Amino acid sequence: MKILFVGSGALGSRFGYMLFKNNEDVTFVDSWEEHVENIRNNGLKVIIDDKDLGNYHIPIYRPDQVSGKYDVVFVATKSMQLRPMLEQVKHLFHKDTKIICILNGLGHVQTLKDYIKEENILIGVTVWTSGLAGPGVLSAHGVGKIELKQVKEDNLDKTLDLVNRLNASGLNIKYSEDTYQSIWHKAGLNCVLNTYCTLIDCNINQYGSFDKNIELTRAVLSEVTAVGKAEGIEVKQEVIEQNIENLFSLETGGAHYPSLYQDMKNGRLTEIDYLNGEVSRLGKKHNIPTPVCDVITLMIHSKEYINKNK
Ligand code: NAD
């Protein structure tokens with residue numbers, strides 16, 4: 001079984017390393033030249049829970065260098081890079097290639113459907129976390145899990161076999177009918193914490209320490225919940241509120257600055273169009289006003305714009 005990771009950054013390289021270490025046939029593709037060169041020359045350096053686990057010579061290519069056909073493709077770019085990336089690698093899919101998408105945010109199935117039939121799309125959500133300490137250096141902590149669902153559930157047996165096989169490498173995947181709900185719950189949390197921490201310039205603990213944080217949280221979540229329900233997803237606002245509150249303490253990740261904050265700080269584009277921006281877009285489709293998400297999306301874009309023109 002040939003497994004390809006397109007986008008072999010923080011998350012992709014962590015899953016890829018786990019599979020490679022368990023003797024799976026793993027190939028990486030990434031467009032970041034320095035990262036590709038470092039892994040090619042020295043192997044992927046793996047640091048987990050502050051322990052150096054050595055260097056792993058996982059084959060890695062730039063998108064214009066890779067050839068062949070792959071049976072399983074993990075897509076692990078940032079959300080806004082998904083479509084351009086698929087354009088570059090679509091020739092690597094055969095008629096039964098399964099695509100596993102665990103990007104944060106909303107709207108990815110629509111994009112994937114333009115490249116692969118629905119019974120081969122496995123959409124998911126993960127609470128694994130990962131980071132890069134530099135090009136070619138994976139630095140991650142803790143363990144996690146993945147929830148996954150086949151978009152159209154024909155020939156499900158093959159997917160269930162695949163899940164078992166991937167779980168042998170410790171990915172901890174659960175095939176779940178509730179995946180869409182979990183995707184919306186995680187997106188709801190990110191629509192609140194990623195954006196407000198970026199706009200207020202604070203970590204999660206500091207956001208939680210503001211005594212009226214719940215008013216800010218609910219302003220976003222009432223829109224997320226209404227739009228999610230119009231899309232047919234049983235989005236539970238109280239669950240998202242509780243998930244957010246659980247992160248406030250310094251013991252449970254409160255010192256963390258969300259990924260959108262870090263992207264903004266490093267002058268990169270953010271995933272806002274797949275969070276609050278997608279809620280706004282879907283709101284228009286269903287005639288549901290989303291003034292808070294509209295303004296937040298514009299504010300984040302204005303910050304990106306100012307960053308770019310500094
Ligand atoms: P990342 O930026 O570390 O990795 C993305 C990689 O994709 C980069 O190395 C980039 O060079 C590469 N890339 C971009 N365009 C490409 C192209 N056309 N072809 C090949 N490679 C390309 O991002 P990440 O942190 O790994 O996040 C990936 C996704 O997973 C995001 O949606 C993120 O929100 C989500 N996620 C991340 C974490 C985490 O802890 N890092 C956890 C859960 C979900």
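With all pairs of different C-alpha atoms in the average, the Kirkwood value for the hydrodynamic radius of the chain is 20.1 Å. Charged side chains reduced to their Cβ positions (Lys and Arg at +1, Asp and Glu at -1) give segment 80-151 a dipole of some 40 debye around its Cα centre.
Give, as a single signed number, the net charge of other residues whose beta carbon lies under 14 Å from the beta carbon of Glu304, with Lys and Arg counted +1 and Asp and Glu -1. Show your work: numbers first, answer last.
Values: positive: Lys78, Lys265, Arg268, Lys303, Lys308, Lys310; negative: Asp263, Glu271, Asp273.
Charge balance near Glu304 sits at +3.
Listed by chain and number, the lysines whose C-alpha is less than 21 Å from the C-alpha of Lys186, apart from same-chain residues fewer than 8 away, are Lys78, Lys145, Lys149, Lys174, Lys229, Lys236. Looking at the chain, the DSSP beta bridges with both ends there are about 30 percent antiparallel. For segment 113-211, GluC sites (Glu not before Pro) are listed when DSSP marks them as loop and at most 13 other Cβ atoms sit within 10 Å of their Cβ; the list is Glu153, Glu177.
Kindly identify segment 149-256 as rounded, prolate or oblate by the Cα gyration tensor criterion: order the square roots of the eigenvalues as a ≥ b ≥ c, call it rounded if a/c is under 1.5, otherwise compare a/b with b/c, prolate if a/b is larger, else oblate. The shape class here is oblate.
If you place +1 on the Cβ of every Lys and Arg and -1 on the Cβ of every Asp and Glu, how big does the dipole about the Cα centre of the chain come out, in debye to the nearest 20?
On the way: 34 positive and 39 negative charges, 112 e Å.
Roughly 540 debye, rounded to the nearest 20.
Write out the chymotrypsin sites (Phe, Trp or Tyr not before Pro) in segment 165-255 meeting two conditions: DSSP loop, and at most 16 other Cβ atoms within 10 Å of their Cβ. Answer by residue number: Phe210. Shown for the chain: the carbon plus sulfur share of the solvent-accessible area, taken with all protein chains present and a 1.4 angstrom probe, equals 51%. For segment 180-308, the Cβ-based charge dipole about the Cα centre amounts to some 340 debye (Lys, Arg positive; Asp, Glu negative; other atoms uncharged). Accessible surface computed residue by residue for the chain, with neighbouring protein chains in place and a 1.4 Å probe, gives 46 Å² per residue. The Cβ shell under 15 Å around Ile173 holds other residues with a net charge of +2, Lys and Arg each +1, Asp and Glu each -1. Under a Gaussian network description of the chain, with springs only between Cα atoms under 10 Å, the residue in Gly142, Gly105, Gly277 that fluctuates furthest is Gly142. Based on the reciprocal of the average 1/r between different C-alpha atoms, the Kirkwood radius for segment 180-308 equals 14.6 Å.
The values are calculated or read from the model by the stated rules, or taken from the named source; none is laboratory data. Since the structure is predicted, the reported quantities are computational estimates derived from the model, not experimental observations. For neighbour counting, all protein chains shown are included, and Cβ atoms are generated from backbone atoms with ideal geometry for every residue, glycine included. Areas reflect the complete protein model, heavy atoms only, side chains present, ligands, DNA and RNA absent. Shrake-Rupley method; radii C 1.70, N 1.55, O 1.52, S 1.80 Å.
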